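I have placed the structure first, in the form of structure tokens, so that the comments after it can refer back to it.
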């Protein structure tokens, strides 16, 4: 068990965060939450997590991509670029069908894309394998 | 700040539609040095960014690069003529307003310029005041065009994505509920988790209510569009409707110390319509007035009779609606959310439904609002007449 490893959840649905947070905490992770992309970027700097769980479709449609892009390309987040990002979305279609726009696909690592509701055992497995521990 | 941090906004929707920034760029194309200089001076003083060019070809390069809000161009220049410049500017930036200045302001040249797409013309010599006025008018016109274009694009986009949006709106609470149930199922039973589980079941119930509300509103809309809801025309007592709604939300209002007040003329207000429709209409307006109010605020519903119509206003002392949000207000899934304001729950369909109901009844709905002071929705509906009601009933085959 990765005791104390930090996870940042960026998702606009408080209920979704609450249930997933409980699962993560009961598995020994320390969880930080953000309800918007902006708040997420602040908490990223503040807590330097080992993994980010990022909702694609937040209040502002594809806000998740904005967050991902900021981390990947803005100088301010240079030190955070290697933190793995698990993208989650309730869209059933595969991401390449749903998001054909240039550049968006590059952001998704197929092994780190999960649909909501999360399959908890598989989700925990992904978290365990990808999280960075300092 | 991007407009409409609200609602479901459509990303990168209008890449070439830029917002009026307040410090607009104006390009002046004139071979006369003195004119360029005076335009520069007058307009820069008025707060604009001004770039001047001495001939048409240079001017067009400038327009391509700067994409100005407004171009002032001399009609009579050596080389590329003013008319040609107008046509090219229209191609490069269709939203740029072109104003023509001309030394020989005959009607013919002005008309020719307007036909090529110029907005207006200014005869030489002109006063600084005349220049400022025509520029301001041109920019107002442009802002209006931008707003319309933006709204139309958004509307088109929304239509195309309506189904996607509905499913997203339903899927969000559904996912939350599913995830809760799944986790409840997997959590070991301890005292701590037992408390959590109870709380989560409550939350699940609230989220299913949210889904029910979306489906209910969606059905109402579909019925309105099919015309099945609005065909009925019986005599409806508006005061009764409003007082019943007040009774329903008494607690909601009391929790925020909001006073509910109804002012109806003696003898009451009656309109021909469907009781349910009218209930939905005023329910939406009153709930909004409560939810978007401030603690200790007031909701006033007042009605009066005027020229065979019933005018009802629903006024609140709440957060108000910024002007930029108003064109989108009666659209599907439009929600106003601003930083510093509490999050308000709702389906995003209420005002759209209200507007449809009013329109179907042959009435109008309008809005006055001031940010931080409050909003007033005004509904005008035809007044009930014994004959009219029966006639409407007969016409509908009742």
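The values are calculated or read from the model by the stated rules, or taken from the named source; none is laboratory data. Owing to the predicted nature of the structure, the values given are computational and were not obtained by experimental measurement. Because the Cβ atoms are built from the backbone with ideal geometry, glycine has one as well, and the counts that use them run over all protein chains shown.
Screening residue B:41 on (1) crowded, with 16+ Cβ neighbours inside 10 Å; (2) farther than 19 Å from residue B:93 by Cα; (3) at pLDDT 90 or above shows it passes everything except condition (1). Applying the set (1) touching a helix residue (DSSP H, G or I) at 6+ places or on another chain (Cβ under 8 Å); (2) under 29 Å from residue B:202 (Cα atoms) to residue A:48 leaves exactly one unmet item: (2).
Candidates in the stretch B:302-324 are the residues that are free of Cβ contacts under 8 Å to residues at least 60 places away in the same chain and not in a strand (DSSP E or B); of these, the one that is farthest from residue B:288 (Cα to Cα) is B:307.
The rows are residues; the columns are (1) in a helix (DSSP H, G or I); (2) away from chain A (no Cβ under 14 Å); (3) within 28 Å of residue B:354 (Cβ to Cβ); (4) at pLDDT 90 or above.
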site	(1), (2), (3), (4)
B:183	yes, no, no, yes
B:197	yes, no, no, yes
B:207	yes, no, yes, yes
B:220	yes, yes, yes, no
B:228	no, yes, yes, no
B:246	yes, yes, yes, yes
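The residues in the stretch A:95-134 that are modelled with pLDDT under 65, in a helix (DSSP H, G or I) and at the interface with chain B (Cβ under 10 Å from one of its Cβ atoms) can be counted, and the count is 1. Residue A:20 fulfils the conditions (1) within 24 Å of residue B:202 (Cα to Cα); (2) surrounded by fewer than 18 Cβ atoms within 10 Å (Cβ to Cβ); (3) in contact (Cβ under 8 Å) with a residue 12 or more places away in the chain except for a single criterion, (2). Scanning the stretch A:55-75 for residues that are surrounded by fewer than 18 Cβ atoms within 10 Å (Cβ to Cβ) and free of Cβ contacts under 8 Å to residues at least 12 places away in the same chain, we see that the one that is farthest from the other protein chains (Cβ to nearest Cβ) is A:75.
Whether any residue in the stretch B:148-159 is over 36 Å from the mean Cα position of the chain (by Cα) and either within 14 Å of another protein chain (Cβ to nearest Cβ) or modelled with pLDDT under 80 (or both) is what I want to check. The answer is no; no qualifying residue exists.
Residues in the stretch A:38-54 that are crowded, with 22+ Cβ neighbours inside 10 Å and within 14 Å of chain B (Cβ to nearest Cβ): A:53 alone.
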